[in-house]
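The values are calculated or read from the model by the stated rules, or taken from the named source; none is laboratory data. Please read these numbers as outputs of a predicted model, since none were measured by experiment. Neighbour counts are summed over all protein chains in view; Cβ atoms, including those assigned to glycine, are modelled from backbone coordinates with ideal geometry.
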C-alpha cells in the first residue's frame, strides 16, 4: 500500500489536467477551475489521511469537484439575489434614512433619560461592549443583581421606545 502522500501525489499527476479542463468548461474561468481543483485535492488528502481511500480517485475527484461547482453556483445565485439588500458604505444615506435614524436616536435619548442613573449606566456600558463582571464591579453590585438590573432596564427602555412608536430590533 502506498503512503498517503503518495496516493494524493499520484492522483495529482494523473488527474489534475483533465479535472482542471472539465472545471474550466463548467466555470468558464481558469482561476476558478484551479481553485476548485485544489479544494478537491485537499479534500482527497483529508479522506486519505482519515483512512478512507476512494477506490477510483479520479472519479471521486470529478464528483467532488462537480459538487463544489454546484455549491459555488448556489452561493453566487444567493449573492446575486441579496446583493441589493447589502448596505453600501460608499453610498450616501437617503434623506429618509437620515431622518429615521435621527428620530430613533432622539427616542433612544429620551428613553434613556427616563431611566434611573444605575439603569442608564448599565445599559450604556453593555452597549459599549463591557462584560457583566465589569458592569457589576463598576456599579458595586453582584453579577446576579447586575443581570437582573440589565434585564429590567432593557425592558423599561423597550417599553418607552414602543410608546414612542419605535419597535427596537
- Item | Output for the range 144-167, where each listed residue is part of a helix (DSSP H, G or I), loosely packed, with under 13 Cβ neighbours inside 10 Å and in contact with a helix residue (DSSP H, G or I) (Cβ under 8 Å, 6 or more places away or on another chain) | 145
- Task: Determine which member of the set 70, 59, 45, 104 is assigned to a helix (DSSP H, G or I), over 25 Å from the mean Cα position of the chain (by Cα) and surrounded by fewer than 13 Cβ atoms within 10 Å (Cβ to Cβ).
- Result: 59
- Qualifying residue in the range 88-98 (condition: at pLDDT below 85, surrounded by 11 or more Cβ atoms within 10 Å (Cβ to Cβ), in contact with a helix residue (DSSP H, G or I) (Cβ under 8 Å, 6 or more places away or on another chain) and outside any helix (DSSP H, G or I)): yes
- Item | Of the criteria (1) in contact with a helix residue (DSSP H, G or I) (Cβ under 9 Å, 6 or more places away or on another chain); (2) farther than 30 Å from residue 36 by Cβ, which one residue 68 fails | (2)
